[in-house]
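Colleague: One structure follows; several queries about it will come next.
A short reminder: the numbers here are calculations on the coordinates, not readings from a lab. From a predicted model like this one, the values you see are computed outputs, not experimental measurements. Glycine also receives a Cβ, built like all others from the backbone with ideal geometry; neighbour counts cover every protein chain displayed.
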Amino acid sequence: MTGQLIVPRRPRWLDVVGVLGIVALGFTVWLGLWITPPDVVQGNLARLLYIHPAIATVALYWAGGVAAGGSLLYLWPRTRSFFWDRLAASAVEVGAVFSALTLVTGSLWGRPVWGVWWTWDARLTSTALLLILEIGYLALRRVPADLDVRAKRCAVAALLVAVDVPIVHFSVDWWNTLHQGGTILDPGFDLHVHGIMLWTMGLSFVAFTLVFVWLLGVRYQVEVLQDAVGDQELEVSLSERWSEDAELVGVGGGPASDGGGDAP
Amino acid sequence: MSYVDAGYAVALGTMLVYAVSLVLRRRRWERALKMSEPVAEPDGAPVRGELS
């Protein structure tokens, strides 16, 4: 089974999403670094919270959701299509970048606030595990195999990665952690952030989501192109092999039809 | 450099580098696809449609 050789054109909407993402990100940085006031308790360090929760949301829910959903849809026979496999693989790679950024920005906030770069806290550990699982998925993806075998293998791996997503989410409820609970909403849906700080945080979620969609779209195109090149190379080598075989039959066929002229 | 500046620089810098690398990868694979497209087949050789 091979993938379709249909290479999609670059969609215009993806460029629009990219531009909107850059503009929204620019506004987020402007508001976060220069316009919003320092926090009463954390001072300027609270400015890191205009990017860290949004990055973590993308890593955990958006990338994790697309990877799990795409893998499920690939495994389900009725919806099986390489589109879902490629989309899931793209989401895992982009998600790995965002997971790494979640850990780094969290660590940069934790050092001055908690006094440590790292602690074996349930939220931090489960997030680090998510990154390790995503790297494992990407390594598995590089193992040479038939496209269908690779897709099934990776879909199962993505579902294993997805098991960690609710663990990360509920880790602050299930265990006593240094990491705080809900940053914006508590379990009673009471807002912890207000005014310009809330708007900036909301904009950061929109900005990083748009950037995620753009990155996912471009990464998906890379995935399609990679598979298409693989298919082309396979066809070319098969074609060459067939040509060689045809020549051999042509050359060797003559004497054989004469009763094996070369035979002693 | 403060922790806040470092956080923004790392986040935005990493995303910029990753985005550029994706665009370059896309360009490279587009070129590879163009290069791997088979040339006109000689008479008698199997055509692509017969293989898939």
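Colleague: Please give the helix A:147-174 orientation as an angle from the longest Cα principal axis of chain A, in degrees from 0 to 90, rounded to the nearest 10.
Modeller: Tilt relative to chain A: about 10 degrees.
Colleague: Right, another one. Counting other C-beta atoms within 10 Å, and keeping those with at most 10, which DSSP coil trypsin sites (Lys or Arg not before Pro) do you find in the range A:82-154?
Modeller: A:Arg142
Colleague: Where in the range B:1-35 does the amide nitrogen come within less than 19 Å of the point 7 Å from the Cα of A:Gln180, taken along Cα to Cβ?
Modeller: Counting backbone N atoms under 19 Å from the label point, the list is B:3-5, B:7-8.
Colleague: For A:Ser237, what charge total do you get from the other residues with a beta carbon under 12 Å from its beta carbon, if Lys and Arg give +1 and Asp and Glu give -1?
Modeller: That works out to -4.
Colleague: Suppose a student asked you for the relative contact order of the range A:1-138, using Cα pairs under 8 Å spaced at least 6 residues apart; what percent would you report?
Modeller: After rounding, I find 20 percent.
Colleague: Turning to a different aspect of this structure: Tell me, what ³J(HN,Hα) does each residue in the range A:94-104 have, in order and in whole Hz, if you take phi through Karplus 6.51 cos²θ - 1.76 cosθ + 1.60 with θ = phi - 60° and put x for Gly and Pro?
Modeller: Calculated HN-Hα couplings, in order: 5, x, 5, 5, 5, 5, 4, 5, 4, 5, 5 Hz.
Colleague: Moving to a separate point now. Report, in degrees rounded to the nearest 10, the 0 to 90 angle that the Cα long axis of helix A:12-30 makes with the longest principal axis of chain A.
Modeller: Once rounded, the angle reads 30 degrees.
Colleague: Once amide H atoms are built 1.01 Å from N in the peptide plane, which residues 5 or more positions from A:His179, or in another chain, come under 5 Å H to H?
Modeller: Residues meeting the criterion, in which the H sits 1.01 Å from N, are A:Arg123.
Colleague: Could I ask something else about it? Per DSSP H run of at least 4 residues, take -39500 (n - 2.57); add these up for chain A, divide by its residues and hand me the 222 nm value, nearest 500 deg cm²/dmol.
Modeller: Estimated from H runs of four or more residues: -24500 deg cm²/dmol.
Colleague: Compute the FRET efficiency between A:Arg111 and B:Ala32 as 1/(1 + (r/R0)^6), taking r as their Cβ-Cβ distance and R0 = 30 Å, and round to the nearest 0.05.
Modeller: The calculated FRET efficiency here is 0.10.
Colleague: Another one. So how do A:Ser237, A:Ser107 line up by other beta-carbon neighbours within 10 Å, fewest first?
Modeller: A:Ser237, A:Ser107
Colleague: Please give the length that would be gained between A:His194 and A:Ala145 if that part of the chain were fully extended, namely 0.36 nm times their separation in residues minus their C-alpha to C-alpha distance (nm, one decimal).
Modeller: Extra length from A:His194 to A:Ala145 when fully extended: 12.4 nm.
Colleague: In nm, to one decimal, how far is the modelled label at A:Glu247 from the one at A:Leu160, with both set 7 Å along Cα→Cβ?
Modeller: Here the answer is 4.6 nm between the modelled labels.
Colleague: Also, quick follow-up: Stokes-Einstein diffusion coefficient for the protein assembly as shown at 20 °C in a medium of 1.002 mPa s, Rh from the Kirkwood formula over Cα pairs: what value in µm²/s?
Modeller: Answer from the Stokes-Einstein relation: 96 µm²/s.
Colleague: Within 15 Å, Cβ to Cβ, of B:Arg26, how many net charges do the neighbouring residues add up to if Lys/Arg are +1 and Asp/Glu are -1?
Modeller: +4
Colleague: If you keep only loop residues by DSSP, which chymotrypsin sites (Phe, Trp or Tyr not before Pro) in the range A:2-107 have at most 16 other Cβ atoms within 10 Å of their Cβ?
Modeller: Counting only loop positions with at most 16 other Cβ atoms within 10 Å, none of the chymotrypsin sites (Phe, Trp or Tyr not before Pro) in the range A:2-107 qualifies.
Colleague: What do you get for the angle between helix A:64-75 and the principal long axis of chain A? Use alpha-carbon atoms, 0 to 90 degrees, nearest ten.
Modeller: Helix A:64-75 sits roughly 30 degrees off the main axis of chain A.
Colleague: If you don't mind, another one. Return the long-range amide H neighbours of A:Thr36 (sequence gap of 5 or more, or a different chain), with a cut-off of under 5 Å between placed amide H atoms.
Modeller: Here nothing satisfies the definition.
Colleague: OK, next. Using only alpha carbon pairs under 8 Å that are at least six residues apart, calculate the relative contact order of chain A and give it in whole percent.
Modeller: RCO, chain A: 31 percent.
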